2 protein chains.
Amino acid sequence: MMPESGLRPRKKDILEKAARLFLERGYKSTSVRDIAFATGIEASSLYSHFPSKESILELLCHECADRFNAAMDAILASAADNDLSRITRVLEFHIDTAFEDPMSGTVFSDEWKNLPEDKKVSYLEKKRNYENKFSTLLAALMDKGLIVKGDPTIKMNTLISSVRWLHHSKKKYTAEEKTAIKKEILDMLTLGLLIE
Amino acid sequence: MMPESGLRPRKKDILEKAARLFLERGYKSTSVRDIAFATGIEASSLYSHFPSKESILELLCHECADRFNAAMDAILASAADNDLSRITRVLEFHIDTAFEDPMSGTVFSDEWKNLPEDKKVSYLEKKRNYENKFSTLLAALMDKGLIVKGDPTIKMNTLISSVRWLHHSKKKYTAEEKTAIKKEILDMLTLGLLIE
DNA sequence: GCTCATGCCTAACGAATGTTCGTGCGGCAA
DNA sequence: TTGCCGCACGAACATTCGTTAGGCATGAGC
């Protein structure tokens, strides 16, 4: 999945197992012993790799926020895109992430609440930064008359939320199914439900 | 004296406080002592009203599922509606609920996972029942050529998810703001983002 | 061959959790 | 009055939680 490749394999392993458990049961419902068992070691051995359970969540949260921001920056910087294709690519990124790395979406919208207060602040800064870029992009599109005018924040939140169900979807999809789902959601968000 | 809604006032009070805490912190992060403190009693006194913490969640979950199903049934049964206005009213119900009773949405999509296995089954049955009615309605609209054809389940999940952010929104809105937000989300979902 | 860090173990810790117990108090029915 | 019942209490319970301490094995570098 995503943990940096500079990490020791065991550490990476723990992060992956923790991420999956946090996704399935939530942070609070996942005990240190659960993570250790999934990794195949004892609970106390975790502390050879991480100073605390919260530090695992912290690492996952910030890594995820950084990945979202990096993707957004890349899309915004790409000269190959006009504004309209930019928003499509942002949405595609959200959908792809939901498929390939479902933990990210959960972290991004839910589990960060379990961070200790100080770590929460710095995470929320990254999150707000991402959302600002998102809604600024929407506002620019409104100004150019490319999308329906309105409150960019409302539209942004609605767009981000709308793919949330994918994260928790247990079903395994084939590549073709993923493409089909992606297209359907994308069409729905851009063109709407109704036939005019 | 409270206008008795079936439940004793203290019991109703506990349920309300618990619902709010479950919404804000999540079920697992809310202790029995938290609920008791919010109600103004001791933890042990809770057990004069409920046999367990889980039973509080169970009651909230099933009550919520029943409310969603009742609303859906009312909309489907109403002769005053055509199919197209039905889907609008379903979406409006979701948005209204997110404003007026934010706990419901959280329960509906998240916190039910904390139910014990046997209670989970009966809850999921109600939820599946609701979702079936929802996607059947969408399928009917597709057949009549009123909405874009596709997978009703994908569309249903996307629609339901898209208002999830409202539940956790801390801001309190005026009635006018609520109406405006509702209209913007509704337009966005039905007409899409793009200007054709 | 010695050192030393690494990674894992067993054992145990204090704190917090959900819950039970015994009790007391006030109101209502007999 | 008597007795019961609903509701509340403080104390204590067993369990689980995150975490720490101390020790043992391994293997790389001198």
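Structure notes:
- Exam field: B:Lys183 pseudo-label spacings to other copies (7 Å along Cα-Cβ), nanometres: 3.6
- Shown for B:Arg33: label points 7 Å from Cα along the beta-carbon vector, and their distances to the equivalent points in the other copies, 2.1 nm in ascending order.
- Taking every Cα-Cα distance in the protein assembly as shown and sorting them into 10 Å bins starting at zero, the pair-distance distribution P(r) comes out as 4, 20, 31, 27, 14, 4, 0 percent.
- Spatial separation of Cα centroids for region B:34-73 and region A:165-187, in angstrom: 35
- Contact order normalised by residue count of region A:41-113, Cα under 8 Å, 6+ apart, percent: 38
- This model, with +1 at the C-beta of Lys and Arg and -1 at the C-beta of Asp and Glu, gives the protein assembly as shown a dipole about its Cα centre of some 700 debye.
- Residue of A:Ser29, A:Ser48, A:Ser85 that the Gaussian network model of chain A assigns the largest fluctuation, springs spanning Cα pairs under 10 Å: A:Ser48
- Per-residue [θ]222 nm for the protein assembly as shown (sum of -39500 (n - 2.57) over DSSP H runs n ≥ 4, rounded to 500): -22500 deg cm²/dmol
- Using a cutoff of 8 angstrom between alpha carbon atoms and counting only pairs six or more residues apart, the relative contact order for chain B works out to 22 percent.
- Placing a label point 7 Å from Cα along the Cα-to-Cβ axis, B:Ser122 is separated from the same position in the other copies by 4.8 nm, shortest listed first.
- Remark: mean inter-chain Cβ contacts per residue of A:179-186 equal 3, using a 10 Å Cβ-Cβ cutoff to other protein chain atoms.
- Charge-dipole axis of region B:87-137 as Lys and Arg at +1 and Asp and Glu at -1 on Cβ define it, positive-most pick from B:Ser109, B:Phe93, B:Tyr123: B:Tyr123
- Partner shielding of A:27-36 amounts to 2, given as the average count of beta-carbon atoms from other chains within 10 Å of each residue beta-carbon.
- Extension gain for B:Phe93-B:Arg25 works out to 22.0 nm (0.36 nm per residue, less the C-alpha to C-alpha distance).
- Highest mean packing first, where packing is the average number of other Cβ atoms within 10 Å per residue, the peptides B:107-113, A:38-44, B:159-165, A:146-152 line up as B:159-165, B:107-113, A:146-152, A:38-44.
- Positive-pole candidate from B:Ser162, B:Ala43, A:Leu21, dipole of the protein assembly as shown, charges at beta carbon: B:Ala43
- Taking each of A:Lys126/B:Lys119; A:Lys133/A:Lys178; A:Lys183/B:Lys183; A:Lys149/B:Lys127; B:Lys144/B:Lys183 in turn, the alpha-carbon distance tops 32 angstrom for A:Lys126/B:Lys119; A:Lys149/B:Lys127.
Quick note: the coordinates plus some simple rules give every number you see, no bench work behind them. Given the structure is predicted, the values throughout are model-derived calculations rather than measurements. Note that each Cβ is placed from the backbone with ideal geometry, even for glycine, and that neighbours are counted across all protein chains shown.
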